[in-house]
Amino acid sequence: MSSAAPHVEHFRHEAFLYSGWAEFVAGTVPFIRDGVRAGEPVLVVESLEKIQMLQVALGKEAGAVLFADMANVGANPARIIPAWHEFVSRHGASGQQLRGIGEPIWKERSPDELVECQRHESLLNTAFGRGQPWWLLCPYDTEKLDGAVIEEARRSHEYVTEGGKWERSNIFRGLDASGAPFAVPLPEPLTGIVRLAFASEDLVAVRGLVSRVACSAGLARRAGELVTAVNEVATNSIRHGGGGGTLRIWQEQSGLVCEISDNGRFDQPLVDRQRPTAELSAPRGLWLANQLCDLVQIRTLAEGTVVRLHMHLTPPERHLHVLADSPASGSEGAD
Amino acid sequence: MEIAVTCRNMWTAEGGFGIDASLEPAIGGGRVYSDKRLVVTRTLRPYGLHFSGEIDLANSHAVAECLRLTVTTGADLHLDVSALIFCDISGIRSFVEAAENRVGGRLMLHGLPELLQTVMRVTGWADLPKLVICRCRRAKP
């Protein structure tokens, strides 16, 4: 373990294990302050409560820091990597060093959200591990989170800081394994499953079924958004997944779930979280699904690909332009 | 008028698009494409096309073809999409492609439903120089 500040020569993805407010402040404020004093752009994506506390602790130096509310940015965890991409591409020109703090996992996350947050933490290595140097600190509340969650943080982060000392994690899964196909099976729904097998001529039926179920479940205005997302994923099944697939719909406590499964093999781990390029033929379907839905789960299993789209009945306020709230952020979009 | 006649000739020459010649009045307006889910009609003032129904993987290539064959010489081409119930990404891509390939005038989308405006914004197709999302008419919810 070392207490000396490291020199960052590549993407440094670091889990920061803390317990209680005092440890949180002791680990984050000096990190932010050192970055600001070195002239590094700093983005903090945290809960509003923590942002307010950090702003008080930082005093006037808070003016040099970008803040974003994780409850907005990371409501669907697949929207966090695009936010970091935007930060790095906007502020990290010509090798400028950068710092970020992002806490995507908190106790109240649902089991589905938690698993996608953990996938997100792994995919950060895939997204940035071979790019320019910058330092991302991910706080984990050891008081509130399960031991298994902390254990997984040690697998998804190359570095771990605890009690003011940092070390390399000896169970970090590495860059290659971080983006390997996600094969963790999804829990089977219990009851009330509506099912429809579809082929290329059945998209109208797919949309009709989703629309009817979504409207009767009370999704109202967002029914159209769910229909749009399901249609794109089903279109992918027709085009890349063997000409068709199976749609299943069921209701859970939080809302409606639409699952599309096919025989295709999904092997582009970041395609759902890369902002589409200007290229006309660039993939857009899964990106769109992530912007419209509250949670998207993609699994590559032995028998094919499964995509689950979750739509909550009472959605959090949605922010499509993730950094728009930051005081110092400029115009939208880096690409 | 001259342009419209040119288009009708092209349609006839092209064939294979379910063009119902009997529905197309002599002035060059009328139906230029139809299938079970989509009807595309020529509009004259402003000059362009009216879309009614649904566009998806099954007919987006036909939409692209309709747009390719609707020629204007430098003027804007107006698309009334207020009666579009559904349009997927492949359909929007057809509009974007047509706009990008235009020489001179722009492609004007009129009455674009709110959900499609969201989709175009999210997919990075909302701020293209040649594709204008026109606010002239209240979009349907």
**Complete:** Helix A:20-37: inclination vs chain A longest Cα principal axis, degrees, rounded to 10, gives 70 degrees
**Prompt:** Distance from the Cα centre of segment A:117-145 to that of segment A:68-102, in angstrom?
**Reply:** 11 Å
**Asked** Taking the Cα atoms only, what angle lies between the long axis of helix A:111-128 and the longest principal axis of chain A, rounded to 10 degrees?
**Response** 60 degrees
**Item:** Spin-label model distance (nm) - B:GLU100 vs A:ASP146, 7 Å beyond Cα toward Cβ
**Value:** 4.6 nm
**Complete:** Here FRET efficiency (C-beta to C-beta, B:LEU44 to B:ILE85, R₀ 35 Å, nearest 0.05) is 0.90
**Item:** Theoretical FRET efficiency, 1/(1+(r/R0)^6), r = Cβ-Cβ of A:SER47 and A:GLU252, R0 25 Å, to 0.05
**Value:** 0.50
**Prompt:** Does anyone have the angle between helix A:48-58 and the longest principal axis of chain A? Alpha-carbon axes, 0 to 90°, nearest 10?
**Reply:** 20 degrees
**Message:** So for the protein assembly as shown, considering every pair of alpha-carbon atoms, how many percent are separated by more than 36 Å?
**Reply:** 38 percent
**Asked** Between A:LEU313 and residues 5 or more places away or on another chain, which pairs have amide H atoms under 5 Å apart, with H built 1.01 Å from N, and which residues are they?
**Response** A:GLY255, A:LEU256
**Message:** Using a Cα-Cα cut-off of under 24 Å, which lysines could be cross-linked to A:LYS107, ignoring same-chain neighbours fewer than 8 residues away?
**Reply:** A:LYS50, A:LYS144
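How would you order A:304-314, B:89-99 from highest to lowest mean count of nearby Cβ atoms within 10 Å?
B:89-99, A:304-314
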**Complete:** Counting sequence-distant residues (5 or more places) and residues on other chains, those with an amide H built under 5 Å from that of A:TYR140 are A:PHE16, A:LEU17, A:TYR18
**Message:** Could you list A:THR300, A:THR235 so that the one with the fewest beta carbons within 10 Å of its beta carbon is first and the one with the most is last?
**Reply:** A:THR300, A:THR235
**Complete:** Going from the fewest other Cβ atoms within 10 Å to the most, one would list B:THR73, B:THR41 as B:THR73, B:THR41
**Prompt:** With each label point set 7 Å from Cα along the Cα-Cβ vector, what nm distance links A:GLU279 and B:CYS136?
**Reply:** 3.6 nm
**Fill in**
Most exposed to least, judged by fewest other Cβ atoms within 10 Å, A:LEU301, A:LEU66 sort to A:LEU301, A:LEU66
**Request:** Pop out the ³J(HN,Hα) list for segment B:68-83 in order, Karplus 6.51 cos²θ - 1.76 cosθ + 1.60 with θ = phi - 60°, rounded to Hz; leave Gly and Pro as x.
**Result:** 5, 8, 8, 9, 10, 9, x, 7, 5, 10, 9, 10, 8, 10, 5, 9
**Prompt:** Shape of segment A:48-160 from its Cα gyration tensor (a ≥ b ≥ c, root eigenvalues): rounded if a/c is under 1.5, otherwise prolate when a/b > b/c, or oblate?
**Reply:** oblate
**Fill in**
Length gained if A:GLN55 through A:SER2 is fully extended, taking 0.36 nm per residue and subtracting the Cα-Cα distance, is 16.3 nm
**Item:** Per-residue ³J(HN,Hα) for segment B:49-55, Karplus 6.51 cos²θ - 1.76 cosθ + 1.60, θ = phi - 60°, Hz, x for Gly and Pro
**Value:** 9, 10, 10, 9, x, 10, 10
**Prompt:** Given springs between every Cα pair under 10 Å in a Gaussian network model of chain A, which of A:GLN55, A:GLN297, A:GLN97 has the largest fluctuation?
**Reply:** A:GLN55
**Cut-off under 5 Å, modelled amide H: who pairs with B:CYS87 long-range** = B:ILE55
**Prompt:** From the phi of every residue in segment A:85-100, what ³J(HN,Hα) in whole Hz does the Karplus formula 6.51 cos²θ - 1.76 cosθ + 1.60 yield, where θ is phi - 60° and glycine or proline is x?
**Reply:** 4, 5, 4, 5, 6, 7, 10, x, 4, 6, x, 4, 6, 9, 9, x
**Prompt:** How many angstrom lie between the C-alpha centres of segment A:180-210 and segment A:236-257?
**Reply:** 3 Å
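Can you give the FRET efficiency to the nearest 0.05 for A:ALA199 and B:SER52, using r as the Cβ-Cβ distance and R₀ = 22 Å?
The pair A:ALA199/B:SER52 has a calculated efficiency of 0.30.
Bear in mind these aren't lab numbers, they're just calculated from the coordinates by the rules spelled out. It should be emphasised that the depicted structure is a prediction, and the values quoted were computed from it without experimental measurement. Every residue, glycine as well, gets a Cβ built from its backbone with ideal geometry; the counts of neighbours run over all protein chains shown.
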